[in-house]
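*Asks:* Supplied in structure tokens, the structure appears directly below.
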Amino acid sequence: MRKTVCAVGAASVESGWLRYVRTAAWSTWAPQIRAVEAEAELRMGMRGLVMPVMGPGVGFVVEAVDHRARTWRWRVRVGPVGMRLWHTVRAGTPIGTEAEVRIDGTAPVVIACAPLARRALRRLVDG
């Protein structure tokens, strides 16, 4: 199943992108993340572990990063359950920035993740 989630906020495009690029910042805007064990900045091929507020760590590998286009893609996996996520930050409206994530995975996982992703994106682009 594939689902796209978007949010628009008052943060600048550059600010939103930097919140993505700096892995230590993920827990400041994604309430479901307690910590990230990875390199300091996103890069293609980077591997790490997202530590959720509840449950086991989630392994990931970053498949692509385009700093000019402000897009990145990663795969995450817990045991047999995995998904792929495509992220974008762009100028949205005259007053702000739009963040978007496309989630690909099994229907139950995508349905469960979409509301969390929407909340996190709102915080990502919040001014």
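*Asks:* Taking a ≥ b ≥ c as the square roots of the eigenvalues of the Cα gyration tensor of region 65-127, is the shape rounded (a/c under 1.5), prolate (a/b larger than b/c) or oblate? All intermediate terms of the calculation are to be shown ahead of the outcome.
*Replies:* Details: a/c = 3.00, a/b = 1.67, b/c = 1.79.
Verdict is oblate for region 65-127.
*Asks:* Relative contact order for the chain: what is it in percent, counting Cα pairs under 8 Å that are at least 6 residues apart? Numbers along the way, then the final one.
*Replies:* Details: 288 pairs, mean separation 42.6, N = 127.
The normalised contact order for the chain reaches 34 percent.
*Asks:* Now for a different question. Over the alpha carbons of the chain, what is the largest minus smallest coordinate on each principal axis, giving the biggest first in Å?
*Replies:* 43, 30, 24
*Asks:* Distance between Cα centroids, region 11-72 to region 88-127: provide it in whole Å.
*Replies:* Result: 13 Å between the Cα centres.
*Asks:* With a/c under 1.5 counting as rounded, go ahead and sort region 5-62 into rounded, prolate or oblate using the C-alpha gyration tensor (a ≥ b ≥ c being the square roots of the eigenvalues; past the cut-off, prolate if a/b is larger than b/c, else oblate).
*Replies:* On the way: a/c = 2.14, a/b = 1.36, b/c = 1.58.
The shape class here is oblate.
*Asks:* Report the extension gain between residue 91 and residue 119 in nm, rounded to one decimal, defined as 0.36 nm multiplied by the number of residues separating them, less their alpha carbon distance.
*Replies:* So the chain would gain 8.2 nm between residue 91 and residue 119.
Coordinate-derived values only; no laboratory data. Remember, it's a predicted structure, so these values are computed and weren't measured experimentally.
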